[in-house]
Amino acid sequence: MEEEQLNCIEGTVEAVIYQNEENGYTVLRLDAGDQGGITVVGCIPGAAPGESITVRGSWMRHASYGEQFKAETVDRRMPAGERAIFDYLASGAVRGIGAATARKIVEEFGGEALTVLEEHPEQLTKIHGITRKRALAMGENFRLQLGMRRLLEFLGDHQLPLQLAMPLYRRYGDRTLEVLRANPYLLVDEELGVRFDQADELALDQGMEGDDPQRLEAGLLFELSHNLNNGHTFLPRRKLLAATAQLLGLEDLETLGDGLEALMERGEVIQEETAGEEAVYLFDLYEAECFVAQRLAEMSREELLPPEDMDRVIDRIQRDQGITYAPQQRSAVELAARSQVMLLTGGPGTGKTTSLRGVLALFDHMGLDTALAAPTGRAAKRLGELCGMEAYTIHRLLETQFDPGTGKLVFAHDESEPLKADAVIVDETSMVDITLMRALLSALRGECRLVLVGDPDQLPSVGPGNVLSDLIRSGRVPTVRLTEIFRQAAQSAIVMNAHSVNRGELPDLHNSAAKDFFFLRRTDPVRVADTIVELCKTRLPEKMGIPADQIQVLSPTRRHTTGTASLNRSIQEAVNPAQPGKGERRFGEYIFREGDRVMQVRNNYDIMWRGKDNTDTGMGIFNGDIGVIVKVDNRDEVITVDFEGRTVEYTPDMLSELEPAYAVTVHKAQGSEYRAVILAALDGAPMLLTRGVLYTAITRARELFIIVGDEGKVAQMVANNRQQRRYSGLRARLAAVE
Ligand SMILES: Nc1ncnc2c1ncn2[C@@H]1O[C@H](COP(=O)(O)OP(=O)(O)OP(=O)(O)O)[C@@H](O)[C@H]1O
């Protein structure tokens, strides 16, 4: 029906009036023969003068531009005939060819000009003044333009985002279309951001059978890698098969089992009896888990000779630091002298950092060159400040880079180029996932020592594995667990309430003597949000002298009235409203404005940053890094963000990696500390309202912690100790190493 109502017009593109590079929206002038010149609008990416096109669509009237033809579908043919070919080449569609060169090419080769460019560019040297090098470059540029155009058409035909064209072209070059036709599932990856169901639809569109082995294998691999996001390092075979069958809409588990066999034969996945399960791993994770277990078991066996005068040395360190270690702390320092690897664990205020500084001083005395590291930028910064020397993120220590060719991380330091350090101390180890632990361990020289410090009750790593917890529970790695809360820390209601919550007891919400822990009862979501805004805007800055930029609002959830998305809008409005002269830019649902606090939400290893004086530069801004927008330049389309001294320029294509950060989820705040923290405790799905989330939120606050919400919700969080089960074989593997 609709098809019949559409008009069909044929013509040659005269001029391209407007073209949006991101979505392909184009306005062009078409020479439609008898019908004369008409204006066509629609998605016609890469259109260039001289092309012949057939458009189907309907007429409409634009308020300011008048009569226009809106194209629903477009058939495109390369220009034919000397005139059209000249127009096309002279339009600048092919880099390196302008009007003068276009004229010479058409004079020499006539209607064959485009075939020559595509297939025999060396023949262009017949034209006076064109060198072989230039001829080949023109041929190359023409093929690029041709390839890009075909690719854009292919994406448009299958309702896929046109922005994929450039990254795909970078990855697969001339072969992109061929590669995609052969395996549409290659589109599903984090960088490209295509969903599995979109790629699957493309595959089925192209005639792939529902039970095609390629489809089954793609489904299985997707389920396995998707589950890394849930923290699993493997999936039990029966769960994997059931989940994949559902994903692909299949009933026949046996055929799916054949797909799994094929992946195993090729070594892409490994199946092994682990921790009482038929565990199926992606190869890299299997390898990482085995490596970590083997290496840590070996390191744990090493008994090293402590310095002869250890007692005297520790006494001297105590004098230097002006304290006397508690027995548990002293044994931690002694253990570090004797073991190649050790774990130092404990809750807030139990003296982990103080002991860590003791270990560092002892290593110094022993002449060991020690590197300090933590999983996030903020945690590294704090560690460095507390220890009085530079601390690195683990990624930076290993000099991590992203290889776009393989889509994997590469570490400059590994087995072949180990770190020079004699010892590495890692803080906030609960955030280290299995892959990062593998990378770290493989960069340690054979005799390098390792001290892992952390609190296993914090939320586990975002990435796969349950590393710190598994190591502790395996009992294989020498461990000191600090349990005593120091007097100074015991005066803090933040510390005491954190411990209560961890034991499953309600925090004391109504202690009028508490100076750093408050509860504001609000049961209506709008009132919760209003109270939080008021605290940020006036009460804390004016009454407690805490400036807005040192307050962090947390919520268990992104959604709902008290979720981070909505809170960010209200807080931005209150503390950084629009003003004449203050630059801002809308991006999707966000407005980015000069002065806003923002967070980088993906690891990006290719972003270049500059230091304060512009002399220092480096690569990489990571998931969870927080910065402030210092400039929004709408003319050059650049937003400049200062990440605590490292300045980065974001172009529009990078903005999806940035989010407002007045309010962030508790998960995103892991590993960071703030002077004041406000927690919204009202909305959230049960799986988000957990004891771990509440405990982690409380322990993010240094001076002041305020809960705004409902006591019932707080009680619900304390009672909900449902630790989401993570499938991980590390503990079992450690136990099994001979
Ligand atoms: N042996 C000690 N004698 C007296 N005070 C101590 C001792 N050890 C630690 N403290 C004090 O106890 C408090 C907590 O110590 P520390 O910061 O080392 O703990 P932590 O476990 O790292 O805490 P958090 O995880 O909250 O940072 C600090 O004020 C510290 O000065």
Discussion item. Residue pairs, Cβ under 8 Å, 6 or more apart or interchain, first in the range 350-367 and touching a residue at least 12 places away in the same chain (Cβ under 8 Å) and closer than 20 Å to residue 487 by Cβ, second more than 7 Å from the ligand (Cβ to nearest atom) and of a type in the set (Ser, Thr, Tyr). List them.
Written reply: 350/483; 352/345
Item to complete: Might you check whether a residue that is touching a Phe, Trp or Tyr at 6+ places or on another chain (Cβ under 9 Å), away from the ligand (no atom under 16 Å from the Cβ), under 30 Å from residue 212 (Cβ atoms) and of a type in the set (A, V, I, L, M, F, W, C) occurs anywhere in the range 255-269?
Response: yes
Discussion item. Given (1) in contact (Cβ under 8 Å) with a residue 12 or more places away in the chain; (2) in contact with a helix residue (DSSP H, G or I) (Cβ under 9 Å, 6 or more places away or on another chain); (3) over 18 Å from residue 26 (Cα atoms), identify the lone condition not met by residue 152.
Written reply: (3)
Practice prompt. Inspect the range 56-77 for any residue being in contact (Cβ under 8 Å) with a residue 60 or more places away in the chain, in a loop (DSSP other than H, G, I, E, B) and crowded, with 16+ Cβ neighbours inside 10 Å and give the result as yes or no.
Written response: no
Worksheet item: Out of 262, 245, 199, which single residue is surrounded by 15 or more Cβ atoms within 10 Å (Cβ to Cβ), under 27 Å from the mean Cα position of the chain (by Cα) and either basic (Lys, Arg) or not in a strand (DSSP E or B) (or both)?
Response: 199
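Looking at 110, 96, 139, 46, which is the one that is touching a helix residue (DSSP H, G or I) at 6+ places or on another chain (Cβ under 6 Å) and closer than 15 Å to residue 16 by Cα?
None of the other options fit; the residue is 46.
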Item to complete: Go through 450, 436, 468 for me and flag whichever is within 16 Å of the ligand (Cβ to nearest atom) and either under 19 Å from the mean Cα position of the chain (by Cα) or in contact (Cβ under 8 Å) with a residue 60 or more places away in the chain (or both).
Response: 468
Item to complete: Could you tell me whether the range 655-669 includes any residue that is outside any loop (DSSP other than H, G, I, E, B), within 16 Å of the ligand (Cβ to nearest atom) and buried (at least 17 other Cβ atoms within 10 Å of the Cβ)?
Response: yes
Fill in: Test for residue 275: is it farther than 21 Å from residue 436 by Cβ, within 14 Å of the ligand (Cβ to nearest atom) and in contact (Cβ under 8 Å) with a residue 60 or more places away in the chain
no
Worksheet entry | Single unsatisfied condition, residue 478 versus (1) more than 18 Å from residue 359 (Cα to Cα); (2) away from the ligand (no atom under 16 Å from the Cβ); (3) of a type outside the set (A, V, I, L, M, F, W, C); (4) out of contact with any Asp or Glu (no Cβ under 9 Å at 6 or more places or on another chain) | (1)
Discussion item. Being assigned to a strand (DSSP E or B) and within 14 Å of residue 592 (Cα to Cα) is the filter here; which residues of the range 639-654 pass it?
Written reply: 639, 640, 641, 642, 649, 650
Fill in: Flag if residue 143 is in contact with a Ser or Thr (Cβ under 7 Å, 6 or more places away or on another chain) and modelled with pLDDT of 85 or more
no
Worksheet item: If you take the residues in the range 471-485 that are aliphatic (A, V, I, L, M) and outside any loop (DSSP other than H, G, I, E, B), which one is nearest to the chain's Cα centre (by Cα)?
Response: 471
Discussion item. Return the residues of the range 207-265 that are more than 20 Å from residue 185 (Cα to Cα) and of a type in the set (S, T, N, Q); say none if nothing qualifies.
Written reply: 230, 233
Worksheet item: What number of residues in the range 31-54 are in a strand (DSSP E or B) and within 44 Å of the chain's Cα centre (by Cα)?
Response: 8
Worksheet item: Residue check, residue 297 against (1) farther than 20 Å from residue 368 by Cβ; (2) within 13 Å of the ligand (Cβ to nearest atom), all met but one. Which one?
Response: (2)
Worksheet item: Checking residue 357 against (1) touching a Cys at 6+ places or on another chain (Cβ under 8 Å); (2) surrounded by 22 or more Cβ atoms within 10 Å (Cβ to Cβ), which single condition isn't satisfied?
Response: (2)
Worksheet entry | Residue count for the range 17-40, restricted to those that are modelled with pLDDT under 90 and surrounded by 18 or more Cβ atoms within 10 Å (Cβ to Cβ) | 2
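Conditions (1) at pLDDT 95 or above; (2) not hydroxyl-bearing (Ser, Thr, Tyr), marked per residue:
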site: 664; (1), (2): yes, yes
site: 671; (1), (2): no, yes
site: 680; (1), (2): yes, yes
site: 697; (1), (2): yes, yes
site: 713; (1), (2): yes, yes
site: 722; (1), (2): no, yes
site: 728; (1), (2): no, no
Worksheet item: Under 7 Å by Cβ, and 6 or more places apart or on different chains, what pairs join a residue from the range 485-510 that is within 15 Å of residue 697 (Cβ to Cβ) and touching a residue at least 24 places away in the same chain (Cβ under 8 Å) with one that is in a helix (DSSP H, G or I) and near the ligand (Cβ under 10 Å from one of its atoms)?
Response: 495/489
Item to complete: Would you tally the residues in the range 481-503 being crowded, with 18+ Cβ neighbours inside 10 Å, away from the ligand (no atom under 11 Å from the Cβ) and closer than 18 Å to residue 344 by Cβ?
Response: 1
Practice prompt. Filter the range 385-397 down to residues that are hydrophobic (A, V, I, L, M, F, W, C) and not in a helix (DSSP H, G or I) and give me whichever is nearest to the ligand (Cβ to nearest atom).
Written response: 391
Worksheet entry | Complete set of residues in the range 670-695 that are surrounded by fewer than 19 Cβ atoms within 10 Å (Cβ to Cβ) and part of a strand (DSSP E or B) | 675
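The values are calculated or read from the model by the stated rules, or taken from the named source; none is laboratory data. Model, not experiment: these values are computed from the prediction. Cβ: placed from backbone, ideal geometry, glycine included. Neighbour counts: every protein chain shown.
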